[in-house]
Structure formats: structure tokens, C-alpha cells
1. Straight-line reach from Lys22: which lysines have a Cα under 22 Å away, not including same-chain ones fewer than 8 places off?
2. If neighbour count is taken as other Cβ atoms inside 10 Å, put Phe62, Phe157 in order from fewest to most.
3. Work out how much length Val185 to Glu72 would gain on full extension: take 0.36 nm times their residue separation and subtract the Cα-Cα distance, in nm to one decimal.
4. Percent of Cα-Cα pairs per 5 Å bin, from 0 to the last occupied bin, for the stretch 48-189, please list those.
5. Please identify every one of the trypsin sites (Lys or Arg not before Pro) in the stretch 53-128 that sits in a loop by DSSP and has no more than 12 other beta carbons within 10 Å of its own beta carbon.
6. Rounded to the nearest 0.05, what FRET efficiency do Arg152 and Arg65 have when you use their Cβ-Cβ distance and R0 = 22 Å?
7. So which lysines can Lys142 reach, going by Cα to Cα under 20 Å and dropping same-chain residues fewer than 8 places off?
8. Using amide H atoms built in the peptide plane, which far-off residues or other-chain residues are under 5 Å from Ser83 H to H?
Amino acid sequence: MSRRSVGKISSPSKRRILLLLKEGSVLLLRRSAGKQWHLLTSLPETWRRINRRVLQLTLRDFYSRRLVDYREDDDGIISLTLSDLGKRRVLEFDLEKLTIKRPKRWDGIWRLVLFDVPEKRRQGRDALREKLRELGFYEWQKSAFVFPHECRNEVDFVVEVFDLRPFVRYGELRAPTNEAELKLVFGLA
């Protein structure tokens, strides 16, 4: 699913609400006679810091975009939690902040990311390629990127966000034929 299909979440309040739901918070609501949701009066402190009107509008927006799931109990209390789609959107926020730690000493191992993403997934492929460049990878060939430091977790995270797991491979390389060139690119010579 592309980012565009669920719309951008640019407001800091909307991001904060999604992040609160990500942390496992459950928001309890009550349905009114007019079939609208109303917040229960006893909100936890973290939720009270958000303007009530903004919160109500944001929750309706999230519900219409399927970013939250709700469950209604027999007594009419509604529990809102983050849906699977909402969880993916939260990952995108973390993706924007993603960096790879660079140790002071290089361990002599090259990390290689290879991918063969079909044309029908072109948008994900292009996003992956751009993110790898942004993280500092060297484009060795069109679908082969190299990096000198441990980055498997970061690569796995990026692959999950773009939903490309079946098309991406990660490996370690000890003595590539053009190692001198790679060392120059990364300032390791």
C-alpha cells in the first residue's frame, strides 16, 4: 500500500496521537445518541494535553482512513487501538529519523544489499533505493548497495516499511574486487 493511499499525517498533534496509540495506549470513548464518539471524562494525563476538539476530529479522521480499530463493549464503551495500517504509518515516522551508527574502527566487513523488485512494485523499489542512498550506502550497481558498517537491523526495518521482504537480500562481503575504490568512497583508505 502506498503512502499516498492513506494520506499524509503532517500535523504534530496527529503524529502525537498515533504515537500514543503505538505505545499501547487505549483510548476509551462513549457513543452518543447521534452515533458520534465522545471522549470519556477521565482521560489519562498524556491524552489530556491534546486539545479535545483536535483529538475528536483526528480520531474520526483516523477511523475513516482505517488507522484505528475499535471494539464496543456491551456497556457502550468503545476502545480505540492502532490498526495494522496505523502501525505501518507509525513506522514511517521512525523511518524519517533512521540513521546508522558508525563505529570509530571499521571491522573490515562490507555489508551488501541486493534487490530485484518487480516493476509493479516500482514505487517501493525507488523508495528503497532512495533511502539506502540517504543512509550513506554506495550504489555499487543498479540494485546492489554497499556499506562498511553493521546495518542489518536498519536494512530489515526499511524493507519492512516498504513491504519488500521477498525481493531484498542482505549479506556480508570480506574481499570485493574493487575494495580500494570502496575504501576511498567511504574514507577508509
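Since every read-out is calculated from the coordinates, none of them should be taken as a lab result. These numbers were taken from a predicted model, which means no experiment stands behind them. When we count neighbours, we look across all protein chains shown, and the Cβ atoms used for this are built from the backbone with ideal geometry, even at glycine.
1. Here the lysines satisfying the reach criterion relative to Lys22 are Lys8, Lys14, Lys87, Lys97.
2. Numbers: Phe62 24, Phe157 16.
Starting with the residue having the fewest Cβ neighbours, the order is Phe157, Phe62.
3. On the way: separation 113, 0.36 × 113 = 40.68 nm, distance 5.73 nm.
Extra length available between Val185 and Glu72 comes to 35.0 nm.
4. P(r) for the stretch 48-189, in whole percents per bin: 2, 8, 15, 16, 14, 10, 9, 7, 6, 6, 4, 2, 1, 0.
5. Numbers: sites: Arg53, Arg60, Arg65, Arg66, Arg71, Lys87, Arg88, Arg89, Lys97, Lys101, Lys104, Arg105, Arg111, Lys120, Arg121, Arg122, Arg125; in loops: Arg65, Arg66, Lys101, Lys104, Arg105.
Qualifying residues, ordered by number: Arg66, Lys101, Lys104, Arg105.
6. On the way: r = 32 Å, r/R0 = 1.48.
After rounding, the FRET efficiency stands at 0.10.
7. Lys120, Lys131, Lys183
8. Val68, Asp69
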